[in-house]
Ligand SMILES: Nc1ncnc2c1ncn2[C@@H]1O[C@H](COP(=O)(O)OP(=O)(O)OP(=O)(O)O)[C@@H](O)[C@H]1O
Ligand SMILES: [Mg+2]
């Protein structure tokens, strides 16, 4: 497979269409036959809700858990956090556990590379990896 394109959708301003963009970009790319992974990096879990999981905070395994594991130096080759959407793409749900990750990241070594490290470990199966990211 050709090199995966990684796209981050980020804007400090709220309510400007970040989650909507990621969802539609993912669905559109998948409809065009691309292998797509969407990653919800927002503690509000709005993208996760849009994808049909009404209660993100009830999910036992999300991006927050795997990022915490990376910070703790524990990361495996299995990725049970990756879910399949009926529109033909995969996604990693996010929820409020990402707020706890932010606290751990304050003192973590190479904190700016934790998400990158996660994406590096999963992206090879995909043409596109699109992340929704908040920046404040
Ligand atoms: N292109 C668009 N045209 C009109 N309305 C849009 C468009 N994109 C998104 N919206 C609407 O704008 C609102 C905010 O969109 P969205 O939730 O995607 O923004 P966000 O930047 O992710 O917000 P937040 O900062 O709260 O996470 C929603 O009601 C959405 O339906
Ligand atoms: Mg959003």
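The values are calculated or read from the model by the stated rules, or taken from the named source; none is laboratory data. Treat the numbers as computed from the prediction; the structure is a model and nothing was measured. Every residue, glycine as well, gets a Cβ built from its backbone with ideal geometry; the counts of neighbours run over all protein chains shown.
Test each condition in (1) farther than 16 Å from residue 85 by Cα; (2) without any contact (Cβ under 8 Å) to a residue 12 or more places away in the chain for residue 28 and report the one that comes out false.
The one condition residue 28 does not meet is (1).
If I go through region 103-136 residue by residue, how many of them are exposed (fewer than 14 other Cβ atoms within 10 Å of the Cβ), in contact (Cβ under 8 Å) with a residue 24 or more places away in the chain and closer than 20 Å to residue 45 by Cα?
Selection size over region 103-136: 2.
Tell me, which helices (runs of 4 or more DSSP H) lie completely within region 42-136 with 2 or more residues that are at pLDDT below 95 and farther than 29 Å from residue 28 by Cβ? Full working, then the answer.
On the way: elements: 46-50, 63-71, 97-105, 114-122.
Of the helices (runs of 4 or more DSSP H) lying wholly inside region 42-136, those with at least 2 residues that are at pLDDT below 95 and farther than 29 Å from residue 28 by Cβ span 63-71, 97-105.
Only one of (1) within 12 Å of ligand 2 (Cβ to nearest atom); (2) in a helix (DSSP H, G or I); (3) buried (at least 16 other Cβ atoms within 10 Å of the Cβ) is not met by residue 30, so which one is it?
For residue 30, the exception is condition (1).
Pairs please, first residue from region 35-49 and under 18 Å from residue 117 (Cα atoms), second anywhere and within 9 Å of ligand 2 (Cβ to nearest atom), Cβ atoms under 6 Å, 6+ apart in sequence or on different chains.
Pairs found: 38/22; 40/47; 40/132; 41/132; 42/132; 42/134.
Looking at 60, 93, 43, 80 in this structure, which one is over 17 Å from residue 8 (Cβ atoms) and within 16 Å of ligand 1 (Cβ to nearest atom)?
On the way: 60 fails: within 16 Å of ligand 1 (Cβ to nearest atom); 43 fails: over 17 Å from residue 8 (Cβ atoms); 80 fails: within 16 Å of ligand 1 (Cβ to nearest atom).
The conditions single out 93.
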